[in-house]
Amino acid sequence: TSSPRFAAVDLGASSGRVMVGRVGPDSLDLKEVHRFPNTPVRTGPTLHWDILALYAGVLEGLRAAGQVASVGIDSWAVDYGLLDADGALLGNPVHYRDRRTEGIAEQVWSRVPAHELYGATGLQYAPFNTLFQLVAARGTPQFAAARHAVLIPDLIAYWLTGELGTELTNASTTQLLDPRTGKWAHEVAGRVGIDLDLFPALRRPGDPAGLLLPHVLEETGLRGPVPVTAVASHDTASAVAAVPAAADADFAYLCTGTWSLAGLELDAPVLTEASREANFTNELGIDGTVRYLRNIMGLWLLQECLRAWRHPDPADLLAAAADAEPLRSVVDAGAPEFLAPGRMPDRIAEACRASGQPAPSTPAETTRCVLDSLALAHRRAVEDAQRLAGRSVDAVHLVGGGARNALLCQLTADACGLPVLAGPAEASALGNVLVQARAHGLLADRAEARALVARSQPPTRYEPRGGSARWRAAEERLIGRDRLGRGR
Ligand code: LRH
C-alpha cells in the first residue's frame, strides 16, 4: 500500500527496539523489526550504558526496517554523553542508577535552595537529574575536555546525521529548563556553575534533525535522502502523546514499564510548595503541554526480583501472585532506596519488616507485595495530582509494558477506585511514529493522533471492584495516619 512508513527507535532501560509504523487516513499499525538487549556495564565503581552496542542495534534495526519516510528516536530521560571539540565521545555515558550523585543535591541546595530550584525548573528531586550528574562530573579531566553535553536520543541522532541538537521534552528533564517558557534556566545554571552552552540548540518535536549520513545509508542499505525527525524524544513524553484519550476527557495517565510515571497533562506547570513537597515534576510534552507527574519505581521492582530468582516464568509467577493474600504487606514504591540494582527480594522484605508488616517469603508473596505496592503508589499519585493541580479525573489511562499485566491493571483500578483503560503497550513507539506522521502532514493535531490510536488499538477496560477502605487502610499502614491527614 502507499501509506508512508516511519521508523521509531525506542530505547528502554532493559531493551531497545526499532519499530516500523504505517499511518493511513484511518489506520495505524506498528511492527517490531528488531529488538536488542540493553545491558548496563559496571567498570570500577561506575555503572555505564553500553552506548555503542545500542547504536549498533539501531543500525541493524534500520537495516531491518527497510526504506522509510523518516526516522525518530526516543529513550529514557536525563542521561547524556560528553563530546570533545572534534565531536568524539568522551567515555561511556553514565547510567542514572549510578551512585556518583549521592550527596550532590545537598551541595546544589546550599547554593540554590530546593524551593527556588523547584520554582525555576519545576522538577522533582531525583538523585539522577542531569543537573546533579553534571555537578558530580565537574572537576574530572573528562569534563574539562567536554565541549558538548548531548542527551541520549540526541547522541544517537548525531551519529546518524552529524547534526547536534537538544530536543525540548527531554531537555525538560535536566532540571536546567524553565517549564513556563521552555527556555533554559540561565539564572539557576549560573548559580551552580553549569555552562549551558554545553547543550546544543533546542529543537522541538516535529523539527527536522538532519539526514542520514552517507556511511549510515551504506551500512543500513537505505536509499537517501532519509530525514531524521525530532520526536518527543523523552520516551514518557512520546507515551503520553499516544494516550488514546478523547480531546475533552478528564483523565490521568500511568506510563508503566521499568518506571511508572503517574500524572496529568496540564496547560501550565504547578510550582507550589505543596507540589514540591509531594515530589511532583513538571516535564514538557508536545504542543506546549506540561506532564505533571510523579516517578514511581515501577516494574523495575519485579524485574530485579526476577533477576534475583534467576528468571522463573513470569506468567506462572503472576498467576500465583493473583491467588496470594491481597494487601498483606506493602512498601513505598516511590522510595529512592529501591533505585539501585541488586538483592531486591531481600530489600523488599526488609522494608516490610521495618514498617511492622509481615515480610513476604515466597516469590509469589513478594510479587503480590510488589504489585499491591505499585497499585497503591498509583492511587496516591493520581489522588495527589488531582488535589495539587485542582483538577478531577474520571478514568486512568494505563499505557506502556504494564498494560500487558492484567493483575497490575485490575489492582490499579481497585486502588484508584476508577476505571483503568489499558493500552497501548507500545505507547512510546506509537507516540514517536505519530509525531513524525504529523510533521509529514498526515495528522492535523494531537487530538486527531489520539483518536487514531483509540480507533486502531482500543484499550482494555478494567472496572474497580470496590474495597476502597482496604486500600486506604494499607496506605495508612505505610505512611502513617498523621502524614496522610496533613497532605489531604
Ligand atoms: C522512563 C524514564 C522516566 C525517567 C527515567 C529516568 O523510561 O524516561 O520518565 O524519569 O526514565
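Read-outs throughout are calculated quantities, based only on the coordinates presented, and are distinct from any laboratory measurement. Note that the coordinates shown come from a computational prediction; the quantities given were computed from them, not determined experimentally. Here Cβ is always computed from backbone atoms with ideal geometry, including for glycine, and neighbour counts include all displayed protein chains.
Residues in the range 235-266 that are crowded, with 24+ Cβ neighbours inside 10 Å and within 20 Å of VAL9 (Cα to Cα): ASP235, THR236, ALA237, SER238, ALA239, VAL240, ALA241, ALA242, VAL243, CYS255, THR256, GLY257. Taking the conditions (1) surrounded by fewer than 16 Cβ atoms within 10 Å (Cβ to Cβ); (2) without any contact (Cβ under 8 Å) to a residue 40 or more places away in the chain; (3) more than 26 Å from ARG461 (Cα to Cα); (4) of a type outside the set (D, E, K, R) in turn, PRO360 satisfies each one other than (1). Sort out which residues of the range 117-147 are touching a residue at least 12 places away in the same chain (Cβ under 8 Å), in a loop (DSSP other than H, G, I, E, B) and either at negative phi or away from the ligand (no atom under 16 Å from the Cβ) (or both), and write them in order of number. Listed by number, the residues that qualify are LEU123, GLN124, TYR125, ALA126, PRO127, PHE128, ASN129, ARG138, ALA146, ARG147. Identify the residue in the range 74-117 that is among the basic types (Lys, Arg) and touching a helix residue (DSSP H, G or I) at 6+ places or on another chain (Cβ under 6 Å) and, among all such residues, is farthest from GLU187 (Cα to Cα). The qualifying residue farthest from GLU187 (Cα to Cα) is ARG100.
Taking TRP300, is it surrounded by fewer than 19 Cβ atoms within 10 Å (Cβ to Cβ) and touching a residue at least 24 places away in the same chain (Cβ under 8 Å)? In short, no. Quick check, is ALA232 assigned to a loop (DSSP other than H, G, I, E, B), within 12 Å of the ligand (Cβ to nearest atom) and crowded, with 21+ Cβ neighbours inside 10 Å? When the stated conditions are applied, ALA232 passes them. Consider the range 267-295 and keep the residues that are more than 13 Å from the ligand (Cβ to nearest atom) and of a type in the set (D, E, K, R). The one that is surrounded by the fewest Cβ atoms within 10 Å (Cβ to Cβ) is ASP267. Restricted to the range 311-406, the set of helices (runs of 4 or more DSSP H) holding at least 3 residues that are closer than 30 Å to ALA249 by Cβ comprises 363-389. Being more than 15 Å from the ligand (Cβ to nearest atom), assigned to a helix (DSSP H, G or I) and farther than 20 Å from LEU443 by Cβ is a condition met by no residue of the range 240-258.
Would you point out which residue out of ASP154, ASP98 is among the charged types (D, E, K, R), within 16 Å of the ligand (Cβ to nearest atom) and within 30 Å of SER70 (Cβ to Cβ)?
Working: ASP98 fails: within 30 Å of SER70 (Cβ to Cβ).
Exactly one residue qualifies, and that residue is ASP154.
Looking across the range 174-196, just one residue is under 14 Å from GLU116 (Cβ atoms), more than 25 Å from the chain's Cα centre (by Cα) and assigned to a loop (DSSP other than H, G, I, E, B), and that is VAL192.
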